[in-house]
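For reference, the structure is listed below as structure tokens.
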Amino acid sequence: DILENVPNTIGVSIHATDAMDIADGNTVMATYISGHPSGMIDRFLFEGSTAVEHSRGEWADLVDQRLTHIVPVSVQSTNSYDKTSRKVTIDVTASFVGGDIGDYRPNCYLVEDSVSGGSSYDQENYYSKDGGAVGGSSHPYYNFPAKISGWQHMHVLRKMLGGPWGTDGVIPDKVADRDIYKKQYTATLTKTWKERNIKIVSIIQKYNASDINNREI
């Protein structure tokens, strides 16, 4: 609903303990997530919160709050793709508005839509009458099986080209108004990934070695 109703939001689904999890994603999950499903809004620590993870009932309100925040940098990226080699080259540009001091790092995610496969891609359905019936018999998935085969997983994180915490050494700790910094990433798409369903998500993220709650995107 958020992605549909707020066009400038970007969804990234970090999987765990299934066929779609990756090492860098597991690092993020181990750092922040205590249960499923949980969400992070830019990994931002909102006022009054003690953690950056939130249950789904909070997501929409927190997205609305986040949209009112002024960020110190705009992010742009361009890419080129070689279909023969399946190599993608991505140029990320960070343009700062106003001076700031801190550890800012570029990163780039490869995300895939419509991911499915064998049994390890099945979707657990706790809304099913056979899977716990969370939400009762009126839920749209009540009459579906407890495990749904052929489920099309969306926004699946495939790769973090800058690792979980971004690429260090590109942006200095102190920047000035209108400073511009660039980083180029390259990656070769795995053969099983559908190139037409791949999305590129370029970000600038903060890093703080001693405070995990001060690493917003």
Protein-only accessible surface order, largest first, of Phe96, Phe44, Phe144 at 1.4 Å: Phe144, Phe44, Phe96
Rounded, prolate or oblate (a/c below 1.5 giving rounded, otherwise prolate when a/b exceeds b/c) for the range 150-207 by Cα gyration tensor: prolate
Using θ = phi - 60° and Karplus 6.51 cos²θ - 1.76 cosθ + 1.60, couplings along the range 82-96 (whole Hz; Gly, Pro as x): 9, 5, 5, 8, 6, 9, 10, 10, 10, 10, 9, 10, 10, 10, 8
Cβ-defined net charge surrounding Ile22, 15 Å radius [Lys, Arg +1; Asp, Glu -1]: -2
Sum of -39500 (n - 2.57) over DSSP H runs of 4+, divided by residues of the chain (222 nm, nearest 500): -3000 deg cm²/dmol
Environment charge of Glu216, counting only residues whose C-beta is closer than 12 Å and scoring Lys/Arg +1, Asp/Glu -1: +2
Degrees between helix 23-32 axis and first principal axis of the chain (Cα, 0 to 90, nearest 10): 90 degrees
Within the accessible area of the chain (1.4 Å probe), percent carbon and sulfur: 48 percent
Choice from Leu110, Leu67, Leu157 with maximal GNM fluctuation in the chain (Cα, 10 Å cutoff): Leu67
Accessible surface, per residue, of the chain when the full set of protein chains is kept, probe 1.4 Å, Å²: 57 Å²
Stokes-Einstein diffusion coefficient of the range 1-42, Kirkwood radius over Cα pairs, 10 °C, 1.306 mPa s, in µm²/s: 137 µm²/s
Ranked order, Thr190, Thr84 - accessible area, probe 1.4 Å, largest first: Thr84, Thr190
Exposure of Trp165 as accessible area (Å², to 10), given a probe of 1.4 Å and all protein chains: 40 Å²
Eligible lysines near Lys129 by straight Cα distance, threshold 28 Å, same-chain separation 8 or greater: Lys147
Cut-off under 5 Å, modelled amide H: who pairs with Gly162 long-range: Cys108
Karplus (6.51, -1.76, 1.60) ³J(HN,Hα), θ = phi - 60°, over the range 60-74, in Hz, Gly and Pro reported as x: 4, 5, 5, 4, 4, 5, 5, 5, 8, 7, 8, 9, x, 8, 9
Across Lys183/Lys206; Lys87/Lys159; Lys87/Lys206; Lys87/Lys194; Lys83/Lys182, pairs whose alpha-carbon gap is larger than 21 Å: Lys87/Lys206; Lys83/Lys182
Of (i) 1, 5, 9, 10, 11, 11, 11, 9, 7, 6, 5, 4, 3, 2, 1, 1, 1, 1, 0, 0, 0; (ii) 1, 6, 9, 11, 10, 7, 5, 5, 4, 4, 4, 3, 3, 3, 3, 3, 2, 2, 2, 2, 2, 2, 2, 2, 1, 1, 0, 0, 0, 0, 0, 0, 0, 0; (iii) 1, 6, 12, 16, 18, 18, 13, 8, 4, 3, 1, 0, the label for P(r) over Cα pairs in 5 Å bins from 0, in percent derived from the coordinates: (iii)
Using distinct alpha-carbon pairs, which all enter the 1/r mean, Kirkwood radius of the range 1-107 in Å: 16.7 Å
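The values are calculated or read from the model by the stated rules, or taken from the named source; none is laboratory data. Everything numeric here is computed off the predicted structure, so don't read it as measured data. Here Cβ is always computed from backbone atoms with ideal geometry, including for glycine, and neighbour counts include all displayed protein chains. Just the protein is used for accessible areas: all its heavy atoms, side chains included, with ligands, DNA and RNA removed. Shrake-Rupley method; radii C 1.70, N 1.55, O 1.52, S 1.80 Å.
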